[in-house]
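Since the structure comes first, as structure tokens, the remarks are kept for the end.
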Amino acid sequence: MTDVLLVTGGGRGIGAAIVRMAAARGYAVCFSYVRDDAAAEALVDALRATGAAVQAVRGDVSDETDVAALFERCETALGPVTALVANAGITGRIGPFAALERAVLRRTVDVNVIAPMLCAQEALRRWEARGHAGRIVNVSSVAATLGAPGEYVHYAATKAAVEAFTVGLAKEVAASGVRVNAVSPGTVATEIHAAGGDPDRPRRVASRIPMGRVGEADEIAGAVLWLLGPEASYVTGAVLRVSGGL
């Protein structure tokens, strides 16, 4: 049986690195994306050219209707989902918390907290019906424990929620064989910083990192794939920090 991995927010950045690495390791991969059709299509075309089974689905994973449709389209194209990576996330605008607009706060909570919960619910319901012990990896951030003062404390708070959710859900479903873990990246060179209004942030913060550099998306992807794999068969409820020492 082919492992079918569903990755949310897989069109670019860390998500795309996870999609590429999973496909190279033999997974059939479905990924969601919100708006960048060109990036999603380019990724699909590149992977299919290597013989990989891959499907892209446009949708908003903070919307339960879109989540159900995502799983349906994925399973129609590739077969039953056996693993989930909840990667989709946004920082919102970088700046002081007092200046944060309510709409941005609400959207950040919806994408970073509600979305992984909705996706986990959908996966667990399907796995329970099939008697399948799947795997979930949630993508957090070291901001969850560092707080990100002056930049995005609201984002940090949502990632703290993701880590608490990971630990609690892992304990709840452990007896069924489902494993739930999280990866907590430090600063990584992706487009998320430009989207938050500070494209120069990776260069600016590198000196704060004990290893003296920011991470690469493939370094995060490797940690995610390890947690999904058989080498991590006794690991659940863990938050794996991949942060250069932060």
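Details
- Scanning the range 7-18 turns up no residue that is over 16 Å from the mean Cα position of the chain (by Cα), on the phi < 0 side of the Ramachandran plot and among the hydroxyl-bearing types (Ser, Thr, Tyr).
A quick yes/no check of all residues on (1) surrounded by fewer than 17 Cβ atoms within 10 Å (Cβ to Cβ); (2) in a loop (DSSP other than H, G, I, E, B); (3) among the charged types (D, E, K, R):
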| site | (1), (2), (3) |
| --- | --- |
| Gly10 | no, yes, no |
| Ile18 | no, no, no |
| Arg35 | yes, yes, yes |
| Ala40 | no, no, no |
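- Any hit, the range 69-87, residues being touching a helix residue (DSSP H, G or I) at 6+ places or on another chain (Cβ under 6 Å), in a helix (DSSP H, G or I), of a type in the set (Asp, Glu) and in contact (Cβ under 8 Å) with a residue 12 or more places away in the chain: no
- The range 79-92 - residue that is more than 13 Å from Ile136 (Cα to Cα) and surrounded by 18 or more Cβ atoms within 10 Å (Cβ to Cβ) and, of those, nearest to the chain's Cα centre (by Cα): Ala88
- Of all residue pairs spaced 6 or more apart or on separate chains, those with beta-carbon atoms under 7 Å, a first member in the range 223-238 that is on the phi < 0 side of the Ramachandran plot and β-branched (Val, Ile, Thr) and a second member that is assigned to a helix (DSSP H, G or I) and surrounded by fewer than 18 Cβ atoms within 10 Å (Cβ to Cβ) are Thr236/Ala174.
- Residue selected from the range 187-210 under the condition part of a loop (DSSP other than H, G, I, E, B) and modelled with pLDDT of 90 or more, by the criterion nearest to His154 (Cα to Cα): Thr187
- Within the range 134-156, considering residues that are in contact (Cβ under 8 Å) with a residue 24 or more places away in the chain and among the small types (Gly, Ala, Ser), the one nearest to Pro96 (Cα to Cα): Gly150
- All positions within the range 211-221 that are in a helix (DSSP H, G or I) and either surrounded by fewer than 16 Cβ atoms within 10 Å (Cβ to Cβ) or acidic (Asp, Glu) (or both): Asp218, Glu219
- Test: Ser62 is of a type in the set (S, T, N, Q), assigned to a loop (DSSP other than H, G, I, E, B) and under 19 Å from Asp110 (Cα atoms): yes
- Applying the condition of being under 21 Å from Ala23 (Cβ atoms) and out of contact with any Asp or Glu (no Cβ under 8 Å at 6 or more places or on another chain) to the range 229-246 and asking which residue is surrounded by the fewest Cβ atoms within 10 Å (Cβ to Cβ) yields Pro230.
The values are calculated or read from the model by the stated rules, or taken from the named source; none is laboratory data. Everything numeric here is computed off the predicted structure, so don't read it as measured data. Methodologically, a virtual Cβ is constructed for each residue, glycine included, from the backbone with ideal geometry; neighbour enumeration extends over all protein chains shown.
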